[in-house]
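Shown next, in structure tokens, is the structure this report addresses.
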Amino acid sequence: MITIREEQISDIEPIRVVNTRAFGQAAEADVVDKLRQVCPEGLSLVAVCEDQIVGHILFTPALIEAKGQIIQGMGLAPLAVLPEFQGQGIGSKLVQEGLAAMRKAQQPFVLVLGHPEYYPRFGFVRSVDYGIVSEYDNVPEEAFMILVLDEVRLQEISGIGKYRPEFEAAM
Ligand SMILES: CC(C)(COP(=O)(O)OP(=O)(O)OC[C@H]1O[C@@H](n2cnc3c(N)ncnc32)[C@H](O)[C@@H]1OP(=O)(O)O)[C@@H](O)C(=O)NCCC(=O)NCCS
């Protein structure tokens with residue numbers, strides 16, 4: 001059985017392993033470690049299978065810089081499942097639990113930069129449909145997505161969607 005819960009101090013090393021193995025490199029794991037230091041308001045969830053950490057998801061503050069105002073929401077990244085546990089719905093469970101927490105916290109939006117075939121199943125749409133673009137030039141339009149949780153707050157808002165600057169190291 002898979003359980004989703006918030007990370008504990010003893011999960012830090014296994015979370016590094018999950019991210020490094022899922023992405024095949026340490027860059028994402030390094031960013032997670034940096035963000036843990038600087039974003040106490042972030043949400044870090046793990047998927048546990050028989051006492052083993054098999055998946056991880058992180059939400060950290062993100063911004064939309066629009067004309068004359070900045071709107072604060074959250075950014076989803078990274079999401080990782082150990083290769084031998086992929087394709088069993090663990091990634092989906094992590095996203096769904098995380099988004100439930102974002103709704104509960106009344107976040108107005110969640111940004112994600114990721115696989116365009118994966119995230120629409122959770123309600124994400126291309127952020128460019130809201131007039132929101134990535135700050136990074138090399139991001140394909142369809143890969144930068146948003147889940148709007150407060151349509152009123154996001155009405156007539158267009159601008160630049162920004163993750164925490166620590167993510168630049170993994171771009
Ligand atoms: C993406 C990832 C987190 C999904 O986790 P998971 O537990 O395998 O996901 P689920 O079992 O809930 O869902 C499986 C679905 O994800 C899809 N998927 C997996 N990797 C994908 C990819 N690179 N691009 C698009 N879809 C992908 C599968 O095709 C499958 O689709 P289906 O349900 O239509 O058959 C996992 O594959 C992973 O860790 N990948 C490496 C790291 C990564 O790319 N992270 C995401 C960054 S945006």
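Quick notes
- The trypsin sites (Lys or Arg not before Pro) of segment 52-121 that DSSP puts in a loop, and whose beta carbon has at most 14 other beta carbons within 10 Å, are K67.
- Alpha carbon convex hull of segment 2-170, projected area averaged over orientations, nm²: 9.4
- In this structure, V17 and Q88 have a Cβ-Cβ separation that, at R0 = 25 Å, corresponds to a calculated FRET efficiency of about 0.90.
- The chain - percent of accessible surface contributed by carbon and sulfur, probe 1.4 Å: 50
- Once the Cα-Cα distance is subtracted from the 0.36 nm per residue extended length, the K34 to M171 segment shows a gain of 47.8 nm.
- With all protein chains kept in place, the per residue accessible area of the chain amounts to 51 square angstrom at a probe of 1.4 angstrom.
- Cα centre as origin, Lys/Arg/Asp/Glu Cβ charges: the chain dipole, Debye: 300
- Average Cα contact separation per residue, the chain, under 8 Å, 6 or more apart, as relative contact order %: 23
The values are calculated or read from the model by the stated rules, or taken from the named source; none is laboratory data. Please read these numbers as outputs of a predicted model, since none were measured by experiment. So basically every Cβ, Gly included, is an ideal-geometry build from the backbone, and we count neighbours across all protein chains shown. Surface accessibility is based on the protein's heavy atoms, side chains included, excluding ligands, DNA and RNA. Shrake-Rupley method; radii C 1.70, N 1.55, O 1.52, S 1.80 Å.
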